[in-house]
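Q: Next up is a structure, given as structure tokens.
The values are calculated or read from the model by the stated rules, or taken from the named source; none is laboratory data. Since the structure is predicted, the reported quantities are computational estimates derived from the model, not experimental observations. Because the Cβ atoms are built from the backbone with ideal geometry, glycine has one as well, and the counts that use them run over all protein chains shown.
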């Protein structure tokens, strides 16, 4: 699924929403937190910047990162390749589950060595904790606007570091420098 919101003078960015805890919603019929396609979390967060951002929205897969497969990562690369082809200078922000974010990051580093890609997510669903999700996504979007060097970065818990330099601390419920 792809959609585009275009502003007249906005900063161009490709946002790839793959699901993850960031997008989990409570399903009252069975009491489960589930990832559902079309989650409005990222769009709601970026709504206040709609006139300043030119966003190419992609949702090639929508699942918890523990369910993400190599085939899913190939789909992400294929759809992202098309978007990068349309906007070769646009940085990329990927919303992803935190458990296998590093695996997708490694695939993206190989596939897009000349592109700035920032992976972000949340330890708690947007539906439950809107602050963490908004901080992480805002951090990622702000970081790419500084036009950093090409490469893959992770934006979590108030920090942005190159891939592999932030690690998930489950006990603390956040990411820390490695």
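Q: Would you tally the residues in the stretch 145-166 being surrounded by fewer than 19 Cβ atoms within 10 Å (Cβ to Cβ), on the phi < 0 side of the Ramachandran plot and in a loop (DSSP other than H, G, I, E, B)? Step through it out loud before you land on a result.
A: Filtering the stretch 145-166 for residues surrounded by fewer than 19 Cβ atoms within 10 Å (Cβ to Cβ) gives 145-151, 158-159, 161-162, 164-165.
From what is left, the residues that are on the phi < 0 side of the Ramachandran plot are 145-146, 148-150, 159, 161-162, 165.
In the following step, the residues that additionally are in a loop (DSSP other than H, G, I, E, B) were identified as 146, 148-150, 165.
Total meeting the criteria: 5.
Q: Inspect all residues belonging to the stretch 44-51 and state whether any of them is within 15 Å of residue 104 (Cα to Cα), surrounded by fewer than 20 Cβ atoms within 10 Å (Cβ to Cβ) and in contact (Cβ under 8 Å) with a residue 60 or more places away in the chain.
A: Start the filter on the stretch 44-51 by keeping residues that are within 15 Å of residue 104 (Cα to Cα), which leaves none.
No: the stretch 44-51 contains no residue that is within 15 Å of residue 104 (Cα to Cα), surrounded by fewer than 20 Cβ atoms within 10 Å (Cβ to Cβ) and in contact (Cβ under 8 Å) with a residue 60 or more places away in the chain.
Q: Turning to a different aspect of this structure: Filter the stretch 39-74 down to residues that are more than 18 Å from residue 124 (Cα to Cα) and assigned to a loop (DSSP other than H, G, I, E, B), then give me how many there are.
A: 8
Condition check ((1) buried (at least 17 other Cβ atoms within 10 Å of the Cβ); (2) under 14 Å from the mean Cα position of the chain (by Cα); (3) more than 20 Å from residue 55 (Cα to Cα); (4) free of Cβ contacts under 8 Å to residues at least 12 places away in the same chain) across all residues:
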residue: 89; (1), (2), (3), (4): no, no, no, no
residue: 93; (1), (2), (3), (4): yes, yes, no, no
residue: 104; (1), (2), (3), (4): yes, yes, yes, no
residue: 113; (1), (2), (3), (4): no, no, yes, no
residue: 124; (1), (2), (3), (4): no, no, yes, no
residue: 129; (1), (2), (3), (4): no, no, yes, yes
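Q: Can I ask one more? Take residue 117 and tell me if it is touching a residue at least 24 places away in the same chain (Cβ under 8 Å), assigned to a strand (DSSP E or B) and either in contact with a helix residue (DSSP H, G or I) (Cβ under 8 Å, 6 or more places away or on another chain) or surrounded by 13 or more Cβ atoms within 10 Å (Cβ to Cβ) (or both).
A: On the way: touching a residue at least 24 places away in the same chain (Cβ under 8 Å): yes; assigned to a strand (DSSP E or B): yes; either in contact with a helix residue (DSSP H, G or I) (Cβ under 8 Å, 6 or more places away or on another chain) or surrounded by 13 or more Cβ atoms within 10 Å (Cβ to Cβ) (or both): yes.
Against the criterion (touching a residue at least 24 places away in the same chain (Cβ under 8 Å), assigned to a strand (DSSP E or B) and either in contact with a helix residue (DSSP H, G or I) (Cβ under 8 Å, 6 or more places away or on another chain) or surrounded by 13 or more Cβ atoms within 10 Å (Cβ to Cβ) (or both)), residue 117 qualifies.
Q: Regarding the stretch 121-128, can at least one residue be identified that is assigned to a loop (DSSP other than H, G, I, E, B), modelled with pLDDT under 95 and more than 22 Å from residue 68 (Cα to Cα)?
A: Looking for residues that are assigned to a loop (DSSP other than H, G, I, E, B), modelled with pLDDT under 95 and more than 22 Å from residue 68 (Cα to Cα), one finds at least one in the stretch 121-128, hence yes.
Q: Please pick out the residue among 131, 141 that is part of a helix (DSSP H, G or I), more than 22 Å from residue 36 (Cα to Cα) and modelled with pLDDT of 95 or more.
A: Values: 131 fails: more than 22 Å from residue 36 (Cα to Cα).
From the options 131, 141, the qualifying one is 141.
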